[in-house]
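Any read-out appearing in this document is the output of simple, stated calculations on the displayed coordinates, not a laboratory observation. The structure presented is a predicted model; accordingly, all values stated were derived computationally and were not measured. Glycine also receives a Cβ, built like all others from the backbone with ideal geometry; neighbour counts cover every protein chain displayed.
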Amino acid sequence: MTVKSELSRSKILTAALSVLESDGARALTLDKVASKAEVSKGGLTHHFKSKQELLLGVFDLVVVSMKSRTEVLLLEEPDDGRPGRFTRAYIRANLECIQCGEAESMRALLEMLVAEPGLSALRRADILGLHERLESDGLNPIHALALASASDGCWTDVLLGFCDANDPKIALVHEHLIALSRHPMLPLPEVSR
């Protein structure tokens, strides 16, 4: 793909995410995204043949952003021999996303998955890959998934307006989750695969 083509594709995905954030998944049309991206509909369909392809592109954009952020934080996570490095990086990435104001992107992504249930099936491997990394992080697999799920749950509070993204409690919850990843307090049952 040429640089110009990649820039055009990126512009379209950014426009689609903006439409999703402002109008919702059900209101997203190729025409609306083309207009927002200031490209012709033909230019849009050159990159994305259908609404589903476009939505998959947006899903990938958000997921790749989160994966990249997690990988950067994993490199910053001390390799002190303790299990749970990936889990801690994932928790920190979630907190960064919340504090950077990406709640609207996450809301749009969740709404998109509800409006287009087939999308989650097409990207199921991404979620299973995340679970595999958490489960093989050296912690009890249930403990790692519980910590990640609790971190993910903070999104719900922000998305539903129960608290502001910069509420100090959100950071405190994440600090506690990181501490729990270093010193699990409760014994958990062994998990058979």
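Of the residues L75, L54, L30, which exhibits the maximal mean-square fluctuation in a Gaussian network model of the chain defined by a 10 Å Cα contact cut-off?
The residue that fluctuates most here is L75.
Taking the Cα atoms of the stretch 1-49 alone, what are Rg (to one decimal) and Dmax (as a whole number) in Å?
10.3, 32
Subtracting the Cα-Cα distance from 0.36 nm times the residue separation, let me have the gained length for T45 to S136 in nm, one decimal.
Between T45 and S136, full extension yields 28.7 nm more.
At D31 and V114, where each label point lies 7 Å from the Cα along Cα→Cβ, what is the point-to-point distance in nanometres?
Computed distance between label sites D31 and V114 equals 2.7 nm.
Normalising by the residue count of the stretch 62-105, find the relative contact order in percent from Cα pairs under 8 Å and 6+ residues apart.
40 percent.
Can you grab the distance from the C-alpha centre of the stretch 1-59 to the C-alpha centre of the stretch 75-89, Å, no decimals?
The two parts, judged by their Cα centres, are 37 Å apart.
With the contact rule set at Cα under 8 Å and sequence spacing of 6 or more, what percent relative contact order holds for the chain?
22 percent.
Tell me the trypsin sites (Lys or Arg not before Pro) within the stretch 75-183 that lie in a loop according to DSSP and have at most 10 other beta-carbon atoms within 10 Å.
When the trypsin sites (Lys or Arg not before Pro) of the stretch 75-183 are filtered for loop state and at most 10 Cβ neighbours within 10 Å, nothing remains.
Sticking to Cα atoms, compute the Rg of the stretch 41-193 to one decimal and its Dmax as the biggest Cα-Cα distance, whole number, in Å.
In Å, with Rg to one decimal and Dmax whole: 16.9, 58.
Want the number for L159 to Q99: 0.36 nm per residue separation, take away the alpha-carbon distance, what's left?
Length difference between fully extended and current span is 20.4 nm.
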